1. When you scan the range 46-66, how many residues do you find that are in contact with a helix residue (DSSP H, G or I) (Cβ under 9 Å, 6 or more places away or on another chain), in contact (Cβ under 8 Å) with a residue 24 or more places away in the chain and loosely packed, with under 14 Cβ neighbours inside 10 Å?
2. Look through the range 21-51, keep the residues that are assigned to a loop (DSSP other than H, G, I, E, B) and under 16 Å from I64 (Cβ atoms), and return whichever of them is farthest from the chain's Cα centre (by Cα).
3. Could you check the range 7-20 and list, in sequence order, the residues that are outside any loop (DSSP other than H, G, I, E, B) and more than 9 Å from the chain's Cα centre (by Cα)?
4. Just name the residue that is surrounded by the fewest Cβ atoms within 10 Å (Cβ to Cβ) out of those in the range 3-35 that are polar (S, T, N, Q) and under 14 Å from R60 (Cα atoms).
5. For residues in the range 36-45 being free of Cβ contacts under 8 Å to residues at least 24 places away in the same chain and of a type in the set (A, V, I, L, M, F, W, C), which is surrounded by the fewest Cβ atoms within 10 Å (Cβ to Cβ)?
6. Which pairs turn up if I take residues in the range 1-21 that are within 20 Å of D50 (Cα to Cα) and look for partners that are in a strand (DSSP E or B) and small (G, A, S) with beta carbon separation below 7 Å, at least 6 apart in sequence or on another chain?
7. Examine the range 17-31 for a residue that is among the polar types (S, T, N, Q) and out of contact with any helix residue (DSSP H, G or I) (no Cβ under 9 Å at 6 or more places or on another chain), and state whether such a residue exists.
Amino acid sequence: MTLFETPGHTDGHYSLLIELPNRNPMLFTADAVYSQQSLDLNCISSFHLDPVASYRALERIKEIAE
């Protein structure tokens, strides 16, 4: 289990990566990104305290997801 910062939506926002034996990894992003389509289109939701940090977090999530 890996917890990593994904700031931007709110202060102190984190996402979680869970890797279990014999299972596909699971990435829980909460409000950082709502769907695969949003991730593919680099689309952040309408409410983010820091849109630039949100975009950077989105890029990090994409790297981890690959």
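The values are calculated or read from the model by the stated rules, or taken from the named source; none is laboratory data. Worth saying up front: this structure is predicted, and the values here are computed from it rather than measured. Backbone-built Cβ (ideal geometry, glycine too); neighbour counts: all protein chains shown.
1. So the count comes out to 2.
2. N24
3. Of everything in the range 7-20, those that are outside any loop (DSSP other than H, G, I, E, B) and more than 9 Å from the chain's Cα centre (by Cα) turn out to be L17, I18.
4. S15
5. Of everything passing the filter in the range 36-45, L41 is surrounded by the fewest Cβ atoms within 10 Å (Cβ to Cβ).
6. From residues that are within 20 Å of D50 (Cα to Cα), the pairs are F4/S15; T6/S15.
7. Within the range 17-31, the subset among the polar types (S, T, N, Q) is 22, 24, 29.
Adding the requirement that they be out of contact with any helix residue (DSSP H, G or I) (no Cβ under 9 Å at 6 or more places or on another chain) leaves 22, 24.
So far as the range 17-31 goes, yes, one or more of its residues are among the polar types (S, T, N, Q) and out of contact with any helix residue (DSSP H, G or I) (no Cβ under 9 Å at 6 or more places or on another chain).
Per-residue answers, yes or no, for (1) among the hydroxyl-bearing types (S, T, Y); (2) modelled with pLDDT under 90; (3) out of contact with any Asp or Glu (no Cβ under 7 Å at 6 or more places or on another chain):
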position	(1), (2), (3)
Y14	yes, no, no
I18	no, no, yes
R23	no, no, yes
M26	no, no, yes
A30	no, yes, yes
